[in-house]
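Take a look at the structure below.
The values are calculated or read from the model by the stated rules, or taken from the named source; none is laboratory data. Every value quoted in this text rests on a predicted model; they were computed, and no experiment measured them. Glycine also receives a Cβ, built like all others from the backbone with ideal geometry; neighbour counts cover every protein chain displayed. Accessible surface is based on the protein model in full, side chains and every heavy atom, while ligands, DNA and RNA are left aside. Shrake-Rupley method; radii C 1.70, N 1.55, O 1.52, S 1.80 Å.
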Amino acid sequence: MSQSPPVEASRRRTFAIISHPDAGKTTLTENLLLAGGAIRAAGQVRARGENRRTRSDWMKIERERGISVSASVMTFDHEGLMFNLLDTPGHEDFSEDTYRTLTAADAAVMVLDAAKGIEPQTLKLFEVCRLRDIPIVTFINKMDREAQDPIELLDEISSKLALDPAPLFWPAGSGGRFKGMLDLRTQQFLPFAKRTADNKDEGHPKPIAFSGNAVASYLDPDERAELEEGSMLVQEASKPFDPQAFLEGHMTPVFFGSALRHFGIDQLLAGLGTYAPAPKAVAATRSAAETHVVPGDPEVTGFVFKVQANMDPNHRDRIAFLRLCSGRFQRGMKLKVQNTGRQLSVNAPIMFFASDRELAEEAFAGDVIGIPNHGVLRVGDSLSETGLLRFAGLPNFAPEILQRVRVKDPLKAKHLKKALEGLAEEGVTQLFRPQFGADFIVGAVGQLQLEVMADRLANEYQLEVLFEPSPFAEARWLTGKEADTKDFIDKHKTAMATDIDDQPVFLSKSAWELGYVAERYPDLGFQRTRERG
C-alpha cells in the first residue's frame, strides 16, 4: 500500500545515464535492470555493427546501427526504493533530446571508457548537467580491458570537469591483470572472476576482508602490495567523499567495473540508492507569481519533457512523457494544460519498461508516466490540477544543419506537411516554413538526425523524401518590439520563416551575414535558443 506523497517522493531515485558513444551505456543500462531485478537475464550485447537489441533500444534504426538515438524510461522497485532510469541518446546528434531528458533527472551517471577517459561528447553532456546543477556519479567501465592508469583518469575528471573525484573503490589491475577492486570504505575486497573455458560467466565471488588470508586466493603478494599502496596513495591525494558536496555538484563519487561482465553494478546501484537525491523542489510560476513546487505538495503537477509517436508499430500512438513534480497522481484524474487551458482525463497512463508498458494506477513526484494523446500535449507543457502552474519551458536550440526536404511523390505533399509537423512537435527535428518557396526547411544538430527522420518518414508515414542543400547556414529566433520586428520582417521577406509555433525566424546565408545584420539592428535579438512551453 502506498504512503503519503512526501514519503513516496522520498523513496524515488530518478537518474539519467550519459556517455560518449561506445562507452558501454546500453550494456550498463541492461545490467542495472538485471541488478534491480527488473529483468531475469541480460541479453547478449553483440559487437558494434551487428544487430544489437537491448530492452531500451527499440527504434528500427537503433537496432540496425547498434546505437541509442531516443531516450527511454525504465522503472523498477529495488530494496524499498523506486528507481526511474532515463536512458539518454548515445549519439551527439541528439544532444537536444538528451538535454530535455536531463531536465527530468535528479542525478546522472557518467559512464567513462577506462581506456579512453573523457571524450568530447562526455564533455558536452557534462556541460548540460552543469547548466542544471545535476549531481554526477562516475562509473569507469571496461576495467577488464586494458585501461589508463586510474590516477590519471581521476586527474582528468578533476582538470577537464572541475569536479573533485572521490573514489569509493580502487581497482586491482586492468585488462588481463584485472583481479577485482577494494571497497575503500569497508576494506572489503571484491574478487573479479575470469570467464570459464566454455566462455560462460559463473558469477563473481563474494566480497572478503582485505586484511584476511583468503585474499591470497585472488592476489599474489606483489598484486596485494600494489593494491594496498595504490589505495593508500589515492586516499591521501583525494578529498574524502562528502555527500553534500556531491549534491551541490562539486564532487563525484567514482565507481569502477565492467558492465559487460556485471561487475561493480550492484555497488553502483547501491551507491545511487544511498547518495542520489530524492526529488527536489522545482521553481515555477503560479498566476505570474514566482513559487516553488515541493514534492510533498498535495496538488498533482508535472511537465512534459518528451513526446514520442509510434512506440508501438501496431498502434499509431503518441505518448507524452510527464515528469511528476508533486502530489499523488491516480488513474482517471483530470489535469489541465497551463498554456492552452485544456483539460485532460488521464484514463490510460503508462508506466514504462523501455517499450513494454503497463497501466499506472498511481504515481508520485519523481516518477515518469506516459500519457497517450493525439497532438494535445507538446514538449514543455506544464500540467496540474488547477492549470495555473507553469514550470520553466524546455529550450529549442539553433540547428547546425539546414536542409530542404521534399517528397518524391508530389501528390503526397500534404501528407509530408502533417508528418514533418508531427516530428517537429516530438522534438525529433526543427521545422521552418519560409515565407517564400514551397519546400520546408528542416533543422538538425547532425547528419544522423536527418537519417532517423528519413527512416521514420518511410516506415511510419510511407513517405520517400529527398534532402537537398538549402541556401541558408544559420537560423535565429527574432525578438524585439512588435513595430521593430514587423519592420525587419518586411525588409527581409526572402530570409524569413516561421517555426512550429509560428514564431519568426531569420535565416542567414552565412555567419558573417548574421553578424552584419545583427549589428545593423541593435534593438532586435537574434536568439540561439527559444523556450517552448
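Could you derive backbone 3J(HN,Hα) for the range 141-157 from the dihedral phi with the Karplus parameters 6.51, -1.76 and 1.60 (θ = phi - 60°), listing whole Hz in sequence and x where the residue is Gly or Pro?
Along the range 141-157, the couplings run 9, 6, 5, 7, 10, 4, 10, 5, 4, x, 5, 5, 4, 5, 4, 5, 4 Hz.
Send over the per residue convex hull volume for the range 259-350, Cα only, as a whole number of Å³. Walk me through the intermediate numbers first.
Numbers: hull volume 14.9 nm³, N = 92.
In the range 259-350, the Cα convex hull volume per residue is 162 Å³.
Angle check, please: helix 120-131 long axis (alpha carbons) against the longest principal axis of the chain (alpha carbons), in degrees 0 to 90, nearest 10.
Tilt relative to the chain: about 80 degrees.
How much area per residue is accessible in the chain when the probe is 1.4 Å and only protein heavy atoms are counted (Å²)? Show your work: numbers first, answer last.
On the way: 23160 Å² over 533 residues.
Value returned for the chain: 43 Å² of accessible area per residue.
Using amide H atoms built in the peptide plane, which far-off residues or other-chain residues are under 5 Å from Val109 H to H?
HN-HN under 5 Å from Val109: Ala16, Ile17, Ile18, Val137.
Between Gln462 and Lys412, what is the label-to-label distance in nm when each label sits 7 Å out along the Cα-to-Cβ direction?
Here the modelled spin labels are 0.9 nm apart.
Would you mind telling me the antiparallel percentage of the DSSP bridges in the chain, rounded to 5? Don't skip to the end; give the middle numbers.
On the way: 86 of 111 bridges.
Here the antiparallel bridges make up roughly 75 percent for the chain.
Report, in degrees rounded to the nearest 10, the 0 to 90 angle that the Cα long axis of helix 413-426 makes with the longest principal axis of the chain.
40
Give the long-range amide H neighbours of Gly437: residues separated by 5 or more places, or on another chain, with amide H under 5 Å away, using H modelled in the peptide plane at 1.01 Å from N.
Residues meeting the criterion, in which the H sits 1.01 Å from N, do not exist here.
What list of ³J(HN,Hα) couplings, whole Hz, do you get for the range 275-292 from phi and the Karplus terms 6.51, -1.76, 1.60, once you set θ to phi - 60° and write x for glycine and proline?
9, 5, x, 6, x, 10, 5, 10, 5, 7, 10, 10, 6, 6, 9, 6, 8, 10
May I ask you to rank Ile401, Ile371 by accessible area, largest first, using a 1.4 Å probe over the protein chains only?
On the way: Ile401 45, Ile371 5 Å².
Result, largest first: Ile401, Ile371.
Restricting to DSSP H runs of at least four residues, report the calculated mean residue ellipticity at 222 nm for the chain, -39500 (n - 2.57) per run over all residues, nearest 500 deg cm²/dmol. List each step's numbers first, then the result.
Details: 13 runs with 138 residues, N = 533.
Result for the chain, helices only: -8000 deg cm²/dmol.
Could you tell me how many degrees, from 0 to 90 and to the nearest 10, lie between the Cα long axis of helix 482-491 and the main elongation axis, the longest principal axis, of the Cα atoms of the chain?
Roughly 80 degrees between the two axes.
Please list 3J(HN,Hα) in residue order for the range 212-222, calculated via the Karplus relation 6.51 cos²θ - 1.76 cosθ + 1.60 where θ = phi - 60°; whole Hz, with x for glycine and proline.
x, 6, 4, 4, 4, 5, 10, 10, 7, x, 5
What does the charge count around Lys481 come to, taking other residues whose C-beta lies under 15 Å from its C-beta (Lys +1, Arg +1, Asp -1, Glu -1)?
Working: positive: Lys486; negative: Glu482, Asp484, Asp487, Asp490, Asp523.
Neighbour charge sum, excluding Lys481 itself: -4.
At Asp222 and Phe397, where each label point lies 7 Å from the Cα along Cα→Cβ, what is the point-to-point distance in nanometres?
Modelled inter-label distance: 4.8 nm.
When the solvent-accessible surface of protein heavy atoms is calculated with a 1.4 angstrom probe, in what order do Glu79, Glu248, Glu425 fall, highest first? If you can, show how the numbers build up before the last one.
On the way: Glu79 160, Glu248 95, Glu425 40 Å².
Largest to smallest exposure gives the sequence Glu79, Glu248, Glu425.
Using DSSP to define loop residues, name the GluC sites (Glu not before Pro) in the range 108-163 whose beta-carbon has at most 16 other beta-carbon atoms within 10 Å.
Of the GluC sites (Glu not before Pro), the ones in loops of the range 108-163 whose Cβ has at most 16 other Cβ atoms within 10 Å are Glu146.
With a sphere of radius 14 Å drawn around the Cβ of Cys129, what net charge do the other residues whose Cβ falls strictly inside it have (Lys, Arg +1; Asp, Glu -1)? Could you put the intermediate results ahead of the total?
Details: positive: Arg100, Lys124, Arg130, Arg132, Lys160; negative: Asp106, Glu127, Asp133, Glu248.
Once positives and negatives cancel, what remains is +1.
How big is the chain by the Kirkwood estimate over distinct Cα pairs, in Å? Could the numbers behind the result be given before it?
Values: mean 1/r = 0.0402 Å⁻¹.
It works out to 24.9 Å.
Using 20 Å as the Cα-Cα cut-off, could you pick out the over-long pairs in Lys25/Lys280; Lys414/Lys486; Lys25/Lys142; Lys116/Lys160?
Details: Lys25/Lys280 26 Å; Lys414/Lys486 29 Å; Lys25/Lys142 11 Å; Lys116/Lys160 14 Å.
Going by Cα-Cα distance, Lys25/Lys280; Lys414/Lys486 fall outside the 20 Å limit.
At a Förster radius of 51 Å, what calculated FRET efficiency corresponds to the Cβ-Cβ distance of Asp523 and Ile151, to the nearest 0.05?
Values: r = 54 Å, r/R0 = 1.06.
That pair, Asp523 with Ile151, gives E of 0.40.
Computing the accessible area with a 1.4 Å probe over protein heavy atoms, can you report the carbon and sulfur percentage for the chain? Write out the running numbers ahead of the final one.
Numbers: 11440 of 23160 Å².
C and S fraction of accessible area: 49 percent.
How many nm is it between the label spots at Glu229 and Ala115, if each spot is 7 Å from the Cα in line with the beta carbon?
That separation, rounded to one decimal, is 2.7 nm.
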